[in-house]
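Quick note: the coordinates plus some simple rules give every number you see, no bench work behind them. Predicted, not measured: the structure shown is a model, and the values here were computed from it. Don't worry about glycine lacking a Cβ; one is built from the backbone with ideal geometry, like all the others, and counts go over all protein chains shown.
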Amino acid sequence: MNIILGGGISGLLLASLNKEESLILELQHEVGGLFATEEISGTNISIIPPIVSNPNFMEGLKYHEYNPRIISEKSKYLEDKICKECETFPLWLDFTGKKFWIDNFSEIISNLSKGVKIINEYPIIIKDKKIITNKGRSVIFDKIYNTISRKELFKLVGYSDPNLKSVSAFITILITKGEKEWDVYINGDTGIVFSHIIRKNIESDIFVNYIYSFFTSRLPDIKKVFSDLKRTHIFSRDEILAYRSHVIKDAILYGTPSIELDFIKNCGRLGLWKNISLEEAVDLVRKC
């Protein structure tokens, strides 16, 4: 039996390649990872925007071209604001060039998960070809394919790799009414909690907005997000129809892994510990 840690896109793809011999351990009840969807104000919205540069990396994708109007303020301070130690930012923070918004990613996730064995548990002990889950289940494995955070995995097996570092993201998803003169807003002012807003029309005069606030220690306050939106004249309270928030613990990755375990094959963004794009992650999973 092959155990796959994580039910995001990488984990689902791995399992779909060998459904009979694979078992996914996924803590969350919804699969899809960062591209899992939730209903907000009657519309299914993914946790992060499904924007890619190459829409032909998977079969069955439906998409439209996304050519955002970009407004950037104090962008020269973005590195200091987000991550001083990072050599570069991930491609998902680059909105220049031709981009595409995937319209049916929830359908793709649903299709990938069909026939795949998934249990909503996570390992607390990995030892001697056996995994013990948080619910006391014992599973014998031949190979572990890891798509969850390397830092979290190493805690389970008693290792620590000081080279693995990351920046977290507090993502606020707003459903708003009313047009703006921009689709992507970037602000490098360190006095403003958020740095990026990505928006897209979802119906008539209604828009979804993804607001990124990056942090390394203290979790940003949602009240501060709303206060800064008002202070910068981005959104007023009257324009906001609904909102949700999520924390992505390892959003921006940096540092080179120094430990490899022979019984674990690392795949995907978090397993490889690389700021790769969705397209790159899918391509590398097929070779994992």
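Computed about its Cα centre, the charge dipole of segment 1-157 is approximately 400 debye, with only Lys, Arg, Asp and Glu carrying charge at their Cβ. Projecting the Cα positions of H29, H196, I109 onto the charge dipole of the chain (unit charges on Cβ atoms of Lys, Arg, Asp and Glu, taken about the Cα centre) puts H29 furthest along the positive direction. Between I71 and S138, the simple label model (points 7 Å from Cα in the Cβ direction) yields a spacing of 6.2 nm. Taking the Cα centre of the chain as reference, the dipole from Cβ charges on Lys and Arg (+1) and Asp and Glu (-1) amounts to some 640 debye.
Over all pairs of different C-alpha atoms, segment 74-175 has a mean inverse distance whose reciprocal, the Kirkwood radius, equals 18.2 Å. About its Cα centre, segment 133-288 has a charge dipole of approximately 580 debye under the convention of +1 per Lys or Arg Cβ and -1 per Asp or Glu Cβ, with nothing else charged.
When shorter helices are ignored and each DSSP H run of at least 4 residues is given -39500 (n - 2.57), the per-residue value for the chain at 222 nm works out to -5000 deg cm²/dmol. Taking label positions 7 Å along the Cα-Cβ direction at both I206 and R244, the computed distance is 1.4 nm, reported to one decimal. Remark: the Cα gyration tensor places segment 1-94 in the prolate category, a/c being 1.5 or greater and a/b exceeding b/c. FRET efficiency for the pair R286 and K129, taken as 1/(1 + (r/R0)^6) with r the Cβ-Cβ distance and R0 = 25 Å, rounds to 0.45.
Sorted into 10 angstrom bins from 0, the C-alpha pair distances of the chain split as 6, 27, 34, 23, 9, 1 percent. From Cα pairs below 8 angstrom and at least 6 apart in sequence, can you work out the relative contact order of the chain, rounded to a whole percent? Averaging sequence separation for qualifying contacts and normalising by length gives 24 percent for the chain.
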